[in-house]
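The values are calculated or read from the model by the stated rules, or taken from the named source; none is laboratory data. Here the structure is a predicted model, which means the values were calculated and not measured. Virtual Cβ from ideal backbone geometry, glycine too; neighbours counted across all protein chains shown. Surface areas here come from the heavy atoms of the whole protein model, side chains and all, with no ligands, DNA or RNA. Shrake-Rupley method; radii C 1.70, N 1.55, O 1.52, S 1.80 Å.
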Amino acid sequence: LKFRLAGYPRKHNEGRVEVFYNDEWGTICDDDFTLANAHVLCRHLGFVAATGWAHSAKYGKGVGRIWLDNVNCAGGEKSIADCKHRGWGNSDCSHEEDAGVICKDERIPGFKDSNVIEVRKLLARLGSRCCAGSRRASCQELCHGAALPQGSPAWPRSSKIAGWPSTPPLPVGRAGPVSGLLSPYRLFTERQQLNYRLHSVSCTGTEVHLSMCTFEFYRGNSSAACGAGMPAVVSCVPGPLFAAGNAHKKKQRQQQQQGQPRIRLKGGAKIGEGRVEVLKSSEWGTICDDRWNLLSASVVCRELGFGSAKEALTGARMGQGTGPIHINEVQCLGTEKSLWSCPFKNITQEDCKHTEDAAVRCNIPYMGYENLIRLSGGRSRFEGRVEVAVGTGDGDQPRWGLVCGEGWGTLEAMVACRQLGLGFANHGLQETWYWDASNVTEMVLSGVKCAGHEMSLSHCQHHGSSLNCRNTGTRFAAGVICSETASDLLLHAPLVQETAYIEDRPLHMLYCAAEENCLSSSARLANWPYGHRRLLRFSSQIHNNGRADFRPKAGRHSWVWHECH
């Protein structure tokens, strides 16, 4: 059984409950519905518990079958199928009685985030076996939607196949063009048996998923279907953002020159995810999550050069922003070129707090960068000595080697953790003698210098094939410790301004400050302990707006106790 939350308007932890049974999505009737039922369903969806439930199609009427009616759970069941009910598909309800749930906004530890419309199982089974009589825009959905199991390439541009009519050209600057379709005849002859399930797929090109296009199922003997057609095949290539390293910077420069409102993602560990921030009146601010959904999130993703949105996140799931909350209740149709073309409300101070900042996870092309890097020797998969693959061109077997630890720091570790898909960097280590558990001993990369935004270590500056490393022993190989979440420290700047004052302080009261280098260098020339220093004094407050506790970078074993404290 698969479950999802649907409907509108809603937040990520609430919605109409839909269940995938017998190859078809359907709803649950609200007759005899209880909070115990909601508990079981919320656990299916990855939340720890339910806080409430909704009746009478509060989140809108569903479509298709009403799979369950008169459901009666005790609350401890592992599956809704273990609860008492009238039987699958046996219901006397209409969709005006569709049940919904409100789940506690706390995830089950280790549960994979899956609150997206699930079409992977369907498409994994279909492969490319849509009948080629479907319309051409359907290729676009296969390439930029959430359907492809390995991460989807993004926005398509052109394709050709007999029986797939062309569609109007899409706006320039969208991510991921589709280069064209592979020959279906070769694939047709290579496959023993083709079982077609879909035909007459018709998309406009702006749908979030292929499942949102119109299509028809083949019923009965699917092996005899699509007699006049061939299997539909797509070929996806990365968009300009991924094909050329400078494309994003060039696009940003163009936007600045043209004076367009700008948009960015912050707080995400991976490319294509983060809290949505917009520039308005020369000030960056966030978006309130009221009515935030996949359609609006997809407009943001495409505007930034990615594919459609995989998830529209609410409740500051990518950390809380700072500054103003610029807009609220964004209601995009999904066809807009920019978020600023969508209807929205200007915010008032009482409407929203930063605990309601909206965020997105976008679909990005599958580039395979994670296959060119690995960690060895660590206590968990999140830490270890960095090993990179070289010589992977022309079908060669990759040769694995180490990275010189000289100059290796946090920025380089950030790129390595991103390439590994392991989140943020906690530490970048220049010595890894304690992780000496691999038979890889050759140093193959040196002089690595990253800006921090790169997708792969190969995109950073490095010495290339001419290795230049003072210490080539394995103990001096670079290592990383990665983390799925990170702290985000923010100084309370207004407090500094409000409390600042000038004080003349006697030197005999400043010995500790001098020992800890808190005074300017000219203090060394003063006539200690006589005279005074003129100091700028202020109070400070530092807030952690991130998603992890802040801990000192140095371990407790290296702390030094000082008489000044």
Q | Carbon plus sulfur fraction of accessible area for the stretch 491-544, probe 1.4 Å, in percent | A | 53 percent
Q.
For the stretch 290-439, I need the span (max minus min coordinate) of the C-alpha atoms along each principal axis, in Å, sorted largest to smallest.
A. 59, 36, 25
Q.
Cα atoms only: what Rg and Dmax, in Å, come out for the stretch 261-362?
A. 11.8, 34
(Q) Report the gain in length on full extension from Phe538 to Gln430: 0.36 nm times residue separation, minus Cα-Cα distance, nm rounded to one decimal. (A) 35.2 nm
**Q.** the stretch 469-487 and the stretch 326-387: distance between their alpha carbon centers, rounded to Å
**A.** 27 Å
Q. Hey, which of these cross-link pairs are over 23 Å Cα-Cα: Lys61/Lys345; Lys310/Lys353; Lys104/Lys345; Lys270/Lys449?
A. Lys61/Lys345; Lys310/Lys353; Lys104/Lys345
Q) What nm distance separates the two modelled labels at Ser282 and Ala49, each placed 7 Å from Cα along Cα→Cβ? A) 5.1 nm
Q: At 7 Å along the Cα-to-beta-carbon direction for both Ala523 and Phe550, put a label point, then send me their distance in nm to one decimal.
A: 2.3 nm
**Q.** Euclidean distance of C-alpha centroids, the stretch 408-450 and the stretch 530-565, integer Å
**A.** 28 Å
(Q) When the expected Rg is taken as 2.2 N^0.38 Å, what fraction or multiple of it is the alpha-carbon Rg of the stretch 369-483? (A) 0.94
Q) Which of Thr441, Asn468, Cys482 sits farthest toward the positive end of the charge dipole of the stretch 369-483, with +1 on the Cβ of Lys and Arg and -1 on the Cβ of Asp and Glu? A) Cys482
(Q) Computing the accessible area with a 1.4 Å probe over protein heavy atoms, can you report the carbon and sulfur percentage for the stretch 328-379? (A) 48 percent
**Q.** Cα-based convex hull, the stretch 2-103, per residue volume (Å³, whole number)
**A.** 82 Å³
Q: Using a 10 Å cut-off on Cβ atoms, rank the peptides 534-542, 6-14 from the highest mean neighbour count down.
A: 6-14, 534-542
(Q) Cβ neighbours within 10 Å, averaged per peptide: list 481-493, 58-70, 16-28, 502-514 in order, most packed at the top. (A) 16-28, 58-70, 481-493, 502-514
Q: Pull up all non-local amide H partners of Gly15: gap of 5 or more, or a different chain, and H-to-H distance under 5 Å with H placed in the peptide plane.
A: Val101
Q: Please give, to one decimal in nm, the separation of the simple spin-label points placed at Arg86 and Met509, each 7 Å out from Cα toward the Cβ.
A: 8.1 nm
**Q.** Rg followed by Dmax, in Å, when the stretch 491-544 is reduced to its Cα trace
**A.** 13.3, 41
Q) With every protein chain present, what is the per residue accessible area of the stretch 491-544 (1.4 Å probe, Å²)? A) 77 Å²
Q: Return the long-range amide H neighbours of Leu313 (sequence gap of 5 or more, or a different chain), with a cut-off of under 5 Å between placed amide H atoms.
A: Ala359, Val360, Arg361
Q | Burial order of peptide ranges 467-480, 357-370 (average beta-carbon count within 10 Å, highest first) | A | 357-370, 467-480
